[in-house]
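A short write-up of the structure that comes next.
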Amino acid sequence: MGVFALIMGMLLNPVVTKYPSLEKGFNFTSKKILRFAIVLMGATLSFKQVLTVGKFSLIVMIFTLLTAFGGGYLLGKLFKMDWKLSGLISAGTGICGASAIAAIAPTIDADDSHVAYAISATFIFDVFMVILFPIMGAYFGMTDLGYGLWTGTAVNDTSSVVAAGYAFSDMAGNLSVIVKLTRTLSIIPAVLIFSYINEHLTNVESTSIKKKKLDLKKFSRGLFSCFLELWP
């Protein structure tokens with residue numbers, strides 16, 4: 001149902017966007033009701049399920065985070081991207097989509113364009129994954145546990161995880177949500193780490209500028225001394 005709802009929304013978008021009066025209702029539904037529904041869905045999960053799936057997801061999460069940030073750093077260097085942009089894309093891919101991007105962006109003084117590019121990249125990926133993941137899961141004959149771990153780890157945004165997970169089965173949807181919530185917890189250390197990196201690089205840059213200014217003064221004084229010595 002999640003896949004069909006997404007497709008219906010995409011088809012209806014050109015029509016409903018013509019009526020600005022509907023925008024408030026869409027914003028209220030997407031932000032308030034959707035989040036409240038996720039909270040209610042979490043109330044249906046047992047602590048036993050959370051602990052059981054959490055053990056597997058924690059190991060997978062550490063591996064995926066290292067891969068996301070390591071791969072993002074290397075690709076950023078390869079394509080000569082600003083480290084802030086590659087870091088935001090890595091955070092959106094490895095942690096929790098737009099939420100991670102919005103949380104990390106202020107700590108590294110990211111430009112609005114960086115935030116827009118990062119959110120667009122993760123959103124486009126989610127659109128395709130919501131449609132393709134249930135198809136691939138059925139094709140490969142995956143179990144509910146395997147599919148839940150895969151979806152909760154690979155799909156970015158929480159709403160997209162819900163759509164892709166429950167499109168496969170109710171159990172897979174529950175498991176994917178648990179894995180996704182486990183991933184979301186990593187946003188706290190990620191914000192702290194990015195804040196430290198940005199402060200460190202800022203201090204290094206300011207120190208380098210000061211050194212250059214001092215060197216320029218020394219050069220000017222040396223040049224002036226030489227001029228005095230050569231003056232007849």
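The values are calculated or read from the model by the stated rules, or taken from the named source; none is laboratory data. Every value quoted in this text rests on a predicted model; they were computed, and no experiment measured them. Glycine also receives a Cβ, built like all others from the backbone with ideal geometry; neighbour counts cover every protein chain displayed.
If Met81 satisfies all but one of (1) modelled with pLDDT of 65 or more; (2) part of a helix (DSSP H, G or I), what's the number of the condition it fails?
(2)
On the given criteria, is Ile131 over 20 Å from Thr182 (Cα atoms) and assigned to a helix (DSSP H, G or I)? Steps first, please.
Details: over 20 Å from Thr182 (Cα atoms): yes; assigned to a helix (DSSP H, G or I): yes.
Yes.
So how many residues does the range 107-122 have that are farther than 15 Å from Ala190 by Cβ, touching a Ser or Thr at 6+ places or on another chain (Cβ under 9 Å) and hydrophobic (A, V, I, L, M, F, W, C)? Full working, then the answer.
First, the residues of the range 107-122 that are farther than 15 Å from Ala190 by Cβ: 109, 111-117, 119-121.
From what is left, the residues that are touching a Ser or Thr at 6+ places or on another chain (Cβ under 9 Å) are 109, 121.
The next check asks that each one be hydrophobic (A, V, I, L, M, F, W, C); those that pass are 121.
Number of matching residues: 1.
Could you give me the residue pairs with C-beta distances under 6 Å whose first residue belongs to the range 156-174 and is farther than 24 Å from Leu65 by Cα, whose second residue is at pLDDT below 85 and among the acidic types (Asp, Glu) wherever it lies, and which are 6+ apart or on separate chains?
Hits for this filter: zero, empty list.
Table: residues versus (1) closer than 23 Å to Thr151 by Cβ; (2) modelled with pLDDT under 85.
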site: Pro14; (1), (2): no, yes
site: Lys18; (1), (2): no, yes
site: Lys32; (1), (2): no, yes
site: Val53; (1), (2): yes, yes
site: Leu58; (1), (2): yes, yes
site: Ala68; (1), (2): yes, no
site: Ile101; (1), (2): yes, no
site: Ile104; (1), (2): no, no
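Given the residues Ile104, Ile59, which is the only one that is buried (at least 20 other Cβ atoms within 10 Å of the Cβ) and assigned to a helix (DSSP H, G or I)?
Working: Ile59 fails: buried (at least 20 other Cβ atoms within 10 Å of the Cβ).
Testing whether each residue is buried (at least 20 other Cβ atoms within 10 Å of the Cβ) and assigned to a helix (DSSP H, G or I) leaves just Ile104.
Can you spot a residue in the range 195-217 that is at pLDDT 80 or above, touching a helix residue (DSSP H, G or I) at 6+ places or on another chain (Cβ under 7 Å), within 30 Å of Met142 (Cα to Cα) and not charged (D, E, K, R)?
So the first thing to find is which residues in the range 195-217 are at pLDDT 80 or above, and the list is 195-201.
After this cut, where a residue has to be touching a helix residue (DSSP H, G or I) at 6+ places or on another chain (Cβ under 7 Å) as well, the list is 195, 198.
With the extra rule that they be within 30 Å of Met142 (Cα to Cα), the set shrinks to none.
Within the range 195-217, none of the residues are at pLDDT 80 or above, touching a helix residue (DSSP H, G or I) at 6+ places or on another chain (Cβ under 7 Å), within 30 Å of Met142 (Cα to Cα) and not charged (D, E, K, R).
Considering each of Asp111, Asp126, Asp144 in turn, give the residue that is modelled with pLDDT under 85 and more than 17 Å from Leu192 (Cα to Cα).
Details: Asp111 fails: modelled with pLDDT under 85; Asp144 fails: modelled with pLDDT under 85.
Result: Asp126 is the single residue among Asp111, Asp126, Asp144 that is modelled with pLDDT under 85 and more than 17 Å from Leu192 (Cα to Cα).
Of everything in the range 140-178, what is under 11 Å from Ser57 (Cα atoms), small (Gly, Ala, Ser) and buried (at least 22 other Cβ atoms within 10 Å of the Cβ)? Give them in sequence order.
Result: Gly148, Gly152, Ser176.
Among (1) surrounded by 13 or more Cβ atoms within 10 Å (Cβ to Cβ); (2) at positive phi, there is one condition Ala98 misses while meeting the rest; what is its number?
For Ala98, the exception is condition (2).
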